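These notes are about the structure you will find just below.
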Amino acid sequence: MHTRESFLKELTSAKARDAAARLLDVAQESGASIGWGSSGLSIRTRCSLWPYPVSVAWLFPPSKLGFLNLKLISFGAAIFGYDPPPGEKLRLFLEQWVGQFSTDDYCEDVSGLGAKAWSVDYDVAAQHIDLLGDRLSKVLLELKSL
């Protein structure tokens with residue numbers, strides 16, 4: 001299992017480490033939990049509309065692919081294929097969250113197998129870190145309030 005330090009060491013540039021650290025700080029400041037895995041991590045929070053934590057972002061080292069086609073920094077949701085699926089209010093909220101990335105020309109659609117998500121390279125994310133951090137904070141805080 002990764003720790004913050006071991007994960008950041010796997011990133012190849014200072015820009016990448018700074019971007020990942022910033023997103024982890026935003027998650028922590030927003031009251032999210034970090035799910036540390038062997039290949040990467042998920043950023044998630046509780047929501048009254050779903051019995052389990054809802055993941056909204058995943059980070060993987062460039063050398064590793066994540067589950068459900070996710071890679072690098074991925075923003076999205078992976079509960080669309082669950083049985084039962086999320087209720088309409090949560091589904092619409094998560095689709096709006098994912099849709100924010102659809103017009104960003106620096107994001108790659110990595111949706112599939114029940115996940116809707118957009119991936120961003122670490123060095124590119126560093127160039128847009130204020131926007132990405134603000135989006136992450138907002139979605140985490142809004143999910144907690146639903």
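Only DSSP H runs of four or more residues enter the estimate; each adds -39500 (n - 2.57), and after division by the residues of the chain the mean residue ellipticity at 222 nm equals -12000 deg cm²/dmol. Using a cutoff of 8 angstrom between alpha carbon atoms and counting only pairs six or more residues apart, the relative contact order for segment 7-146 works out to 27 percent.
Cα centroids of segment 5-49 and segment 67-89: 17 Å apart.
Indicate the gyration tensor shape class of segment 60-99 (rounded, prolate or oblate), computed on the Cα atoms with a ≥ b ≥ c the square roots of the eigenvalues: a/c under 1.5 is rounded; otherwise a/b larger than b/c is prolate and the rest oblate. Since a/c reaches 1.5 but b/c is at least a/b, the shape of segment 60-99 is classed as oblate.
Take the Cα of Asp83, step 7 Å toward its Cβ, do the same at Ala14, and the gap between the two points is 5.2 nm. Taking the Cα centre of the chain as reference, the dipole from Cβ charges on Lys and Arg (+1) and Asp and Glu (-1) amounts to some 420 debye. Looking only at Ser74, Ser13, Ser111, which one moves most when the chain is put into a Gaussian network model with springs between Cα atoms under 10 Å? Comparing Ser74, Ser13, Ser111 in a Gaussian network model of the chain, the most mobile one is Ser13. Largest accessible area first, the listed residues Lys9, Lys144, Lys15 line up as Lys9, Lys15, Lys144 when surface is computed with a 1.4 Å probe on the assembled protein chains. Surface composition of segment 85-146: carbon and sulfur atoms hold 50% of the protein heavy-atom accessible area at a 1.4 Å probe.
With the Kirkwood sum run over all distinct C-alpha pairs, segment 30-115 has a hydrodynamic radius of 13.5 Å.
Sorted largest first, the spans of the alpha carbon positions of segment 1-77 along the three principal axes are 38, 27, 20 Å. Cut-off 10 angstrom, C-alpha nodes, Gaussian network model of the chain. Which of Trp50, Trp58, Trp97 fluctuates the most? Result: Trp50 has the largest fluctuation of those listed. The packing ranking, built from the mean of other Cβ atoms within 10 Å per residue, places the peptides 80-92, 33-45 in the order 33-45, 80-92, highest first. The phi-based Karplus calculation (6.51 cos²θ - 1.76 cosθ + 1.60; θ = phi - 60°) puts the 3J(HN,Hα) values of segment 131-137 at 4, 5, x, 5, 4, 5, 4 Hz, whole numbers, x for Gly and Pro.
Put a dot 7 Å past the Cα of Glu29, heading toward its Cβ, do the same for Asn69, and the two dots end up 3.3 nm apart.
Each residue of segment 20-31 was assigned a 3J(HN,Hα) from its phi angle through the Karplus curve 6.51 cos²θ - 1.76 cosθ + 1.60 (θ = phi - 60°); the sequence is 5, 4, 5, 5, 5, 5, 4, 4, 4, 5, 8, x Hz, with glycine and proline shown as x. Within the same chain, lysines fewer than 8 places from Lys138 are excluded, and of the rest, those with a Cα less than 26 Å from its Cα are Lys15, Lys71, Lys89, Lys116.
Between the amide H of Arg46 and those of Val54, distances stay under 5 Å, these residues lying 5 or more places away or on another chain, with hydrogens modeled in the peptide plane. FRET efficiency for the pair Gln100 and Trp36, taken as 1/(1 + (r/R0)^6) with r the Cβ-Cβ distance and R0 = 35 Å, rounds to 0.85. Per-residue Karplus couplings for segment 84-98, computed as 6.51 cos²θ - 1.76 cosθ + 1.60 with θ equal to phi - 60°, are listed in order as x, x, x, x, 4, 4, 5, 4, 5, 4, 5, 5, 5, 4, 5 Hz, Gly and Pro entered as x.
If you sort Tyr106, Tyr122 by accessible surface, 1.4 Å probe, largest first, the order is Tyr106, Tyr122.
The values are calculated or read from the model by the stated rules, or taken from the named source; none is laboratory data. The shown structure was predicted, so the numbers you read here are calculated from the model rather than taken from an experiment. Virtual Cβ from ideal backbone geometry, glycine too; neighbours counted across all protein chains shown. The protein model used for the area step is the full one, side chains on, heavy atoms only, and it has no ligands, DNA or RNA in it. Shrake-Rupley method; radii C 1.70, N 1.55, O 1.52, S 1.80 Å.
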